[in-house]
Structure formats: C-alpha cells, structure tokens
Amino acid sequence: MKFKILGIYPYAGLEQSIKKQLPEFSELEIDHFVGDLNYGIEIATKQLRNHNYDAIISRGGTKRALEQKFDLPIIDIGVSKYDILQAIQSLKHINKIAIVGFDFLSINAEHVIEDFNKNLSVFQIKSLNDAQKILLKLKEDDYDVIIGDRITSRLANELGINCILISSGDESVISALQNCLNLLKNKYSEKESSRTLLELLKYRNEGLVVTDDDNIINYTMNLNYVAKLMPHIKKRIHYINWNDNKASIFMSQNKWYQINKLKSTTYIVKQLNNYQPREIRDSSNNIDIKIFNAYLKSNLSEEFLNALEIYKHNDDILFIAGENGSGKGQLISIISSAESKQTFQINCNELTESKLTNLESSMASPFLDTKNTIIFNHLDKLNINLQKKLMHFINETLLFKRNKLIFSYELDSQSGNNLTKILIKQPKYIEIKPFNYLDSQQISLLISLLINQLNIKYGRETLGVTDITFDRILRGPWERNYRQFINVLTESYKASSSPYINLSSLKYGLNQENSEYNLTNTSKITHIQQNFLSIPINNDLNDSIDLIIQKELSINNFNKTKTAESLGISRSTLWRLLKRIN
C-alpha cells in the first residue's frame, strides 16, 4: 500500500534531509516543495487542487498555517532537544544569545536550558508581528546572535541581525516519517473497518450509535434523519434501565424505530417497516392532550416528566396513584405501551375470586399471553386476600416480564397502598397530587389553554374569566380534581354569552357538573344519555327547552340558522321559541 504525501518545507536543507531518509520508508511517496507560511499555503492549494494526498508533512509555523487552512492530517517535522542543544553548543563562545520561535521551539528550548544549565533568553512568538517586535527589541539590546526557526531566521536577516537556523536532525526527520506512516496505516485500517461495518449496517438497514462512559453520543453511522431521531435516542439512552430492557420502540416522522443496546456504550437503531402498533383509545373525554400535558407539568416533578416518554416503551411495572378524578385514566392512556399487541382493562372493583381464577387458568386469558398491556384499575377496591393471590401469580409466572403491567388506585382508599408496593419488587410509582395543590399561575394557564381549545372547537372568541370568577376558581374545593375542573369550565364556557366567563356562568357550570356527577354515580346510564345530563333534573319542561336553546345558540356563536339545524327544528319554530324566551 502506497501513501501519497505532500511535503512543504520552510528551508531547502529539510528537503534534502527527508530525501536522505525516505528510502527506508518505501510505503511513502512524497512530492517535495520548499516554501514557508503564505507561499507554502499557495503551493498546497495548487497541489491539492490537482492531486489526491493522504497527508502533508511540514514544520513549525508553516505547519501551523497549513493546519488552519486544510483538513488533511499534517505531520510535524519536529525540533528535538538535541537539535536545539547542538545549535547552542555551536555558539558556546558567544555571550549574548536569544532563542526566538513558535511554542514548538520555545518550550523545548526552555527544557534544554533547564536541563543543561544554559544562560539564554527564550522568547515565544505567535505571529509574524510578534517576531518582528521581539527581534527589533533584541537588536536594540545588542544581542550578538539569534537562534530561531525559519521564519525568525528570515526576518532576522531582513533586519540585519545575526541568526542561526535550528535545523531538524536525522532523528527528528526519521521520527516524523515514522509517525506519518503509523498514522496513515491506522487511518487506513480504521477506514477499512468502517467501510466493512457500514456495508453490514446498510445490508441490515441499521444505524450505529456510540457513546462515552457518561452516555454522551460521540459517533453515529448509517443513521438517516439524525436531527429528528437524536432527541428520541438520547432520552432512551439516558432514562431506560437497560439492565431490564434489551430494546425500546419509538416513533419519529410517522415511522417506527427500535433501539437495542449491544454493549456498555454501543447501540443499534433500525426502522421497523412493517410494524403496526395497536392504537390505544384515549379516555380523556375529548379534551385536548395539550391541556392534560400542561396539568401534568404542573403536577409532576421534572424527573417523572422526563421518564414519561420512556414508560411508553419499556416494560417496567407502573403504579399510578391519585384521588378520584385526578387524571389517572388519562395518564394511563398516554403511557400505555403503543407496541403492545392488545390492551386489556381489568376493573378490580368487579374482580371476584372465581373471575381471578379464570384469568389465571383460561387459555384465552391475557395472563397467559405475551407482549400485551394489562391495566388493573381500582386496585384499592380489591380485598387483601385477592391482592395477595394476584401478586403471587404475577411474581411466580413472571407476568411482568411477558407483559406491560399498569396499576391504578385512589390514595384515599384504606387498602392496597402499602401492600402492593411491598409485594412487587421495585415498581415505578407516580403519584398525581390533588388539583387543589396547583397554584394560581398554574390554574390560570390551564384556564387559558382550555378556553383556547373550546374557542377552536366552537368558533367563538371568549377571552377568559373575570377576576371575581378566577378568585372563586382558586378557592375550590375541587373534590373531583382535574376532571371536575375541566367539566365545570366547559359547562361554564357553553353558558357564557360575554367575552369573559362571569361568576353566574361559573355557578351554572358547578351546578351542572354536580348534578351530572350525582346522577351518574347513582344510576346505570349509557354514554349517549350522559350527554343530556347538563339540564338540571328539577327544571320544568319549558325551562329545560329554553336552556337547551340558549346553550345551542352559545355553541353556534348565536347563529340562528346553525342553531335550528343542530336542534333539528325549523327557523320559524326557533324564532317562535326565542320570542317566548325574550
């Protein structure tokens, strides 16, 4: 294997030194040129335009200038301590000597002076201007001779100062050529390995991600859409417990991907072309998810918020606790595993011993299947003996290894809380705080987001709530938490006909929500019937009709034609009813 090298030397003697040693390095083929600084850059620019080189070899300030201009590896022909000592020894009968050069020269010179107890002045330069200023000062101070590199030597000659050029000896030249060869061999080997790995990754349609020991990504290969995928990959690398999870699935740009950990700092990412996750029905009562996310941000710690995305895609057992209406169902819908074949809801309030036995033994039971999400609602309603039996089955059969398990229970219940957390080892636990824990700023944000969503839905321009209404909202108490807040504000919005929801509209919303809650908790009603529960049950017929019309008018932004259509009546009938209301 031959490596093509561009040699640019600050003085002609260095070219001869390189040519003298080159026969010992048959794998290196060098084009030789003499030129320092800007002239050296001109030579390199012209040569690189017409030839492909593997590296450049040069020295000192010229090497520095080339590094700033070109991306190729640039090998330094150094100046050894022996080279410096030899130059000093040649001037042993001279009294006033100074060494001037870039740091590659000045640092080694200081070491030589210290090691051999030489009484010399050393000046480090960073540019041509530095060199000129220092040399002029040394000339004023009557220095007999300057020892320097090629740049210093040239400037000294122009200023009429005696100067000795420190040349790179055979040892320095051989070392530079050997470093060049080693570097290019290693680079070629790495390139061949990378090419083989890239071909393999392309064949398998996979991408490679490599991190350091602190999980900071420092290398990727064959990874398309890096900017879009990287946030998902970083989250999973940082937050997934990879001791318990071998893979995680996520979606980006409407495509599904899987990330696997190969070893401590290496991950494989692949697109899942035929992956079709089962959609999870959202139980958030059609309230926009942005509002619930804002509620979660106000309610949960930063640690849990960061972990929520991970909970969607790993198999950790998860416990969600909160008071009635605090949003447990909505949160479960968000984090239920989208990769599951199916999602099963088990209401522990209705779970009897015979039903549990059937779940444990029936061939059609989700307990005996794999890759499902099983949600146990109202675990607190399950009696202690059945809890023990359920947890024993989960632990003995490793149900939590084969399926994703999510448990929910209410914090104000007397049973289940401590027992459950003890019987299953190291569960992930999320507690949703009561709505009354939110401060005024957080509640104000939720009100703004909800009204914005309702304005979009109904085509209205409600601006907010009055100050007195806001004070009443802050006083609460919101016994049914987030769900009650959303329902009350929605009913208040529908009943309002002014730019701001006033106190009377809020009271109406509170009464409507309370009536609906009392009725739904004392009667078996269908979902369709529940939509008509916003009419107080103690109203007479005319009052109820009037209220329905007023609400529909408000929803339709007081457009009478749309209101008549939505009510299924003619415009003349609507006008007649409105006349009676007025």
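The values are calculated or read from the model by the stated rules, or taken from the named source; none is laboratory data. Every value quoted in this text rests on a predicted model; they were computed, and no experiment measured them. Ideal geometry is used to build each Cβ from the backbone, glycine not excepted, and the neighbour counts take in all protein chains shown. Areas reflect the complete protein model, heavy atoms only, side chains present, ligands, DNA and RNA absent. Shrake-Rupley method; radii C 1.70, N 1.55, O 1.52, S 1.80 Å.
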P(r) of region 89-229 over all Cα-Cα pairs, binned every 10 Å from zero, in whole percent: 10, 26, 18, 12, 16, 13, 4, 0
To the nearest 10 degrees, how steeply does helix 571-581 sit against the main Cα axis of the chain, on a 0 to 90 scale? 70 degrees
Can you give me the long-range amide H partners of Trp478? Hydrogens built in the peptide plane at 1.01 Å from N, cutoff under 5 Å, separation of 5 or more residues or another chain. Asn436
Counting DSSP beta bridges in the chain, what percent are antiparallel, to the nearest 5? 30 percent
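Select from region 14-48 those GluC sites (Glu not before Pro) which occupy a DSSP coil region and have at most 16 other Cβ atoms within 10 Å, ordered by residue number.
Glu27
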The ³J(HN,Hα) series, computed from each phi in region 6-12 with the Karplus coefficients 6.51, -1.76 and 1.60 at θ = phi - 60°, rounded to the nearest Hz and given as x for glycine or proline, is 9, x, 10, 10, x, 8, 5
Please give the calculated 222 nm ellipticity per residue for the chain, where each DSSP H segment of at least 4 residues contributes -39500 (n - 2.57) and the sum is spread over every residue; nearest 500 deg cm²/dmol? -15500 deg cm²/dmol
How high is the relative contact order of the chain? Use alpha-carbon pairs under 8 Å, at least six apart in sequence, and give a whole percent. 8 percent
Take Arg472, Arg49, Arg204 and sort them by solvent-accessible surface of the protein heavy atoms, 1.4 Å probe, largest at the top. Arg49, Arg204, Arg472
Accessible area of Ser570 in the full protein assembly, 1.4 Å probe (Å², nearest 10): 50 Å²
For Ile317, residues with placed amide H under 5 Å, excluding near neighbours: Lys428
By how many degrees, between 0 and 90 and to the nearest 10, does the Cα long axis of helix 481-495 differ from the longest principal axis of the chain? 70 degrees
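Considering only protein heavy atoms and a 1.4 Å probe, what is the carbon-and-sulfur percentage of the accessible area of the chain?
Ligands and nucleic acids excluded, carbon and sulfur reach 47 percent.
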If you place +1 on the Cβ of every Lys and Arg, -1 on the Cβ of every Asp and Glu, and leave all else neutral, what size is the dipole of region 1-148 about its Cα centre, to the nearest 20 Debye? 220 debye
Taking Met363, Met230, Met1 and ranking on accessible area (1.4 Å, protein atoms only), highest first, one gets Met363, Met1, Met230
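In what sequence, largest accessible area first, do Lys63, Lys126, Lys433 appear using a 1.4 Å probe?
Working: Lys63 30, Lys126 160, Lys433 70 Å².
Ranked list, largest accessible area first: Lys126, Lys433, Lys63.
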Just read off the accessible area of Glu410 with the full protein assembly in place, 1.4 Å probe, to the nearest 10 Å². 30 Å²
In terms of modelled amide H atoms, which long-range or inter-chain residues lie less than 5 Å from the amide H of Ile240? none
Charge dipole (debye, nearest 20) of the chain; +1 at Cβ of Lys and Arg, -1 at Cβ of Asp and Glu: 1960 debye
Quick check on region 68-114: what are the equivalent-ellipsoid semi-axes from the Cα gyration tensor, as sqrt(5λ), descending, whole Å? 27, 11, 9
Of all DSSP beta bridges in region 63-217, what percent run antiparallel (nearest 5)? 10 percent
With θ set to phi - 60°, apply the Karplus curve 6.51 cos²θ - 1.76 cosθ + 1.60 along region 328-336 and write out the HN-Hα couplings as whole Hz, x wherever there is a Gly or Pro. 4, x, 5, 5, 4, 4, 5, 9, 4
If I fit a long axis through the Cα atoms of helix 103-116 and take the longest principal axis of the Cα atoms of the chain, what angle between them do I get, 0 to 90°, rounded to 10? 60 degrees
Calculated P(r) over Cα pairs in 10 Å bins from 0, in percent (choose from (1) 3, 12, 15, 13, 12, 9, 9, 10, 9, 5, 2, 0, 0; (2) 3, 12, 16, 18, 17, 14, 9, 5, 3, 2, 1, 0; (3) 4, 19, 31, 26, 14, 4, 1, 0), label: (1)
Dipole of the chain, positive direction: furthest Cα of Ser194, Pro366, Ile237, with charges on the beta-carbon: Pro366
Phi to ³J(HN,Hα) by Karplus 6.51 cos²θ - 1.76 cosθ + 1.60 over region 57-65, Hz, x for Gly, Pro: 10, 7, 8, x, x, 5, 4, 4, 4
Heavy-atom accessible area of Val112, protein chains in place, probe 1.4 angstrom, given in Å² to nearest 10, is 0 Å²
